[in-house]
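Worksheet for the structure shown next.
The values are calculated or read from the model by the stated rules, or taken from the named source; none is laboratory data. Keep in mind the model is a prediction, meaning the values are calculated, not measured. Glycine also receives a Cβ, built like all others from the backbone with ideal geometry; neighbour counts cover every protein chain displayed. With ligands, DNA and RNA removed, areas are computed over all heavy atoms of the protein, side chains included. Shrake-Rupley method; radii C 1.70, N 1.55, O 1.52, S 1.80 Å.
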Amino acid sequence: MDYYKHESSYVDDGCQIGAGTKIWHFSHIMGGCTIGEDCNIGQNVVISPDVVLGRNVKIQNNVSVYTGVICEDDVFLGPSMVFTNVLNPRSHVSRKHEYKQTIIRKGASIGANSTIVCGHEIGCYALIGAGSVVTKDVKPYALMAGNPAHQIGWVSEYGEKLYFDADGIAVCPATKTRYKLTNGNVTKI
């Protein structure tokens, strides 16, 4: 076994778990999951069947990652954040055939106690503020907050707020990387 699993956790048959991944206390990795290298799965985390996690995904305590969720490389899922996988759940109606796909793109971070309603895409390096409720797609590099979540700015790949000049250029204060805002979309230059 090339990964670490705490003795209180369960990994079902049929999972692929990358080298260097750590699975902490009281977590359950269900069958058919694909988990990349160097991931960190916190305490009391459930990964439902067929979930895909890229490399270096960090999942904090008390998170359930439901079937239909795909997290690309370098994604951060904050403590007690929530995914859904059905838009109109009912206990007496089986809707497993209606699971919606939710994609969290490379480098995106989702803050503590946020909710991501299923069927949406969170763009690369987007930052979802703590307690936000995401009900629509999120652009790359967008800074989102509120319920429902709305865009309040832009962030760099490093997670620093970006301030664009009259020419649509911003510089990350931490890394000095330059970004361009064109027609409501940000790209790294």
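Exceeding 28 Å between C-alpha atoms, which entries from my cross-link table qualify? They are K58/K139; K100/K188; K136/K188.
On the way: K58/K139 21 Å; K100/K188 30 Å; K136/K188 23 Å.
Beyond 28 Å: K100/K188.
Which FRET efficiency value, to the nearest 0.05, is calculated for D13 and Y158 with the Förster distance at 45 angstrom and r the Cβ-Cβ distance?
Details: r = 40 Å, r/R0 = 0.88.
Using R0 = 45 Å, I get an efficiency of 0.70.
Anyone know which of V171, V138, V45 comes out most mobile in the 10 Å Cα GNM of the chain?
Top of the fluctuation ranking is V171.
Which length gain, in nm to one decimal place, applies between R95 and D165 when the Cα-Cα distance is subtracted from 0.36 nm times their residue separation? Let's see the in-between values first.
Numbers: separation 70, 0.36 × 70 = 25.20 nm, distance 4.83 nm.
Roughly 20.4 nm would be gained on extension.
Got the relative contact order for segment 1-105 handy, in percent, Cα pairs under 8 Å and 6 or more residues apart?
Values: 295 pairs, mean separation 18.7, N = 105.
Across segment 1-105, relative contact order equals 18 percent.
Longest exposed-loop-site-free stretch of the chain, with chymotrypsin sites (Phe, Trp or Tyr not before Pro), DSSP loop and at most 16 other Cβ within 10 Å?
Details: sites that count: F26, Y158, Y163, F164.
Excluding the exposed sites themselves, the longest stretch runs over 27-157.
By DSSP, what percent of the beta bridges with both residues in segment 81-166 are antiparallel, rounded to the nearest 5?
Of those bridges, close to 40 percent are antiparallel.
Heavy atoms only, 1.4 Å probe, whole protein assembly: order M30, M1, M144 by accessible area, highest first. Show your work: numbers first, answer last.
Numbers: M30 55, M1 160, M144 10 Å².
Per-residue accessible area, sorted high to low, gives M1, M30, M144.
Could you tell me whether segment 1-137 comes out rounded, prolate or oblate from its Cα gyration tensor? Rule is a ≥ b ≥ c as square roots of the eigenvalues, rounded for a/c under 1.5, then prolate if a/b exceeds b/c, otherwise oblate.
On the way: a/c = 1.66, a/b = 1.24, b/c = 1.34.
In terms of gyration-tensor shape, oblate.
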